[in-house]
Amino acid sequence: MSIPPPQSLGNGIHLIPASLPFKSPAWVNTYAVESNGGILLIDCGTDWEPGRQAIRQGFADLGLEESAVHTLLVSHLHPDHVGMSGRLVDEWGCRFVMHSRAAKLIGRYNDSPGYRDRLVQIASVHGIPESVTEATTRVDRPEYMPLLEPPDHLVDDGDTVDLGDGRSLEVLHTPGHEPAHICLRDSRTGILFSGDHILPRISPVIMYDFDLGDVLGDYLGSLQRLIALEVGITYPAHGTLIDQGDERARQILLHHDRRLLDMAELVREADMTAWEVMLKSFRPNLDPLQSRLAFLETISHLEHLRLGGRIRVENQDGKVTYRG
Ligand SMILES: [Zn+2]
């Protein structure tokens, strides 16, 4: 799918897709919200020249001035959303806003060797064969993912980010895909900027990590929240616009319910490590990065089942096996 051109969506909201150095997703949707003569930009992409060029060109094509940007607001701490923040904040001299949890988590984001160490440990505990550990836990820090400075303005759930002229964005803390993830609701239109919390065609990966607790439980709770709020038009950070956000949240919830049922069934039939459950639950021939994501997603499901008392766990010499 080719990258769509920048476009104005009405109500002072402009979509500027910024290309990414990946096959999929191939771009991130950045949104420039224009109000009271100023601009707030939501998300910014990785730090590489084609992405920077896309934003420059997008502003020019839409008749927007980069000098009018007063705020860069980032939905969550992943490189395809926050990677270029340092460069843009320097160039624009704008505010840099994220959820308060990002302030602590930025140390982890900047610590690639520490992340690799945790992955190796998770691999050992959850049954990755030694022959594939090296490839599956490999963490290279590419140039497009420079070390980040922390945001200079932190927000929490329920806070509002003022856009002037009586308009604001309400912050909804929606942890799951990433612990500092936020969605933003426009007070003027009710439109939800959903980041990666809900996406049109895929369900965002929910990655287990040692110290993050029940990440899938957090995610499912964050989906319930969109349903309870009866969210309508939703502008996601990847892919096409969503007409009915609450409906999409319901579909993703069902997807996880099914996966939970299937995985509970698998470990009821035979004791299995998370790696073995992953091999039976995802399509074969995943590349090493896809395998890692599927593996971490599998553990987040198994741990959610375990914490809910639906399956049990056997821990022998630091190796975990799940059973029904
Ligand atoms: Zn993303």
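Considering the stretch 79-102, and only residues there that are more than 22 Å from T160 (Cβ to Cβ) and assigned to a loop (DSSP other than H, G, I, E, B), the residue that is farthest from the chain's Cα centre (by Cα) turns out to be G93.
Just wondering, is there one or more residues in the stretch 128-145 that are polar (S, T, N, Q), open to solvent by less than 20 Å² (accessible area, probe 1.4 Å) and in contact (Cβ under 8 Å) with a residue 12 or more places away in the chain? Within the stretch 128-145 (the criterion being polar (S, T, N, Q), open to solvent by less than 20 Å² (accessible area, probe 1.4 Å) and in contact (Cβ under 8 Å) with a residue 12 or more places away in the chain), the answer is yes, since at least one residue qualifies. Checking the stated criteria, E303 turns out not to satisfy the condition of being buried (at least 16 other Cβ atoms within 10 Å of the Cβ), within 16 Å of the ligand (Cβ to nearest atom) and within 30 Å of R116 (Cα to Cα). Of all residues in the stretch 64-98, those satisfying the criterion of being of a type outside the set (A, V, I, L, M, F, W, C), in contact with an Asp or Glu (Cβ under 7 Å, 6 or more places away or on another chain) and within 16 Å of the ligand (Cβ to nearest atom) are S75, H76, H78, H81, G83. When we screen D157, D152, D186, D165 for residues that are modelled with pLDDT under 95 and acidic (D, E), the only hit is D165. Might you check whether a residue that is surrounded by 17 or more Cβ atoms within 10 Å (Cβ to Cβ), within 16 Å of the ligand (Cβ to nearest atom) and farther than 26 Å from L286 by Cβ occurs anywhere in the stretch 109-126? No. Are any of the residues in the stretch 164-175 open to solvent by 20 Å² or more (accessible area, probe 1.4 Å), among the β-branched types (V, I, T) and within 20 Å of I233 (Cα to Cα)? Scanning the stretch 164-175 turns up no residue that is open to solvent by 20 Å² or more (accessible area, probe 1.4 Å), among the β-branched types (V, I, T) and within 20 Å of I233 (Cα to Cα).
For I198, are the conditions met, namely being within 16 Å of the ligand (Cβ to nearest atom), in contact with a Phe, Trp or Tyr (Cβ under 6 Å, 6 or more places away or on another chain) and in a loop (DSSP other than H, G, I, E, B)?
No.
The values are calculated or read from the model by the stated rules, or taken from the named source; none is laboratory data. Owing to the predicted nature of the structure, the values given are computational and were not obtained by experimental measurement. Counting neighbours? That spans all protein chains shown, and the Cβs are built from the backbone with ideal geometry, glycine included. To get the accessible areas, we keep the full protein, side chains included, count just its heavy atoms, and leave off ligands, DNA and RNA. Shrake-Rupley method; radii C 1.70, N 1.55, O 1.52, S 1.80 Å.
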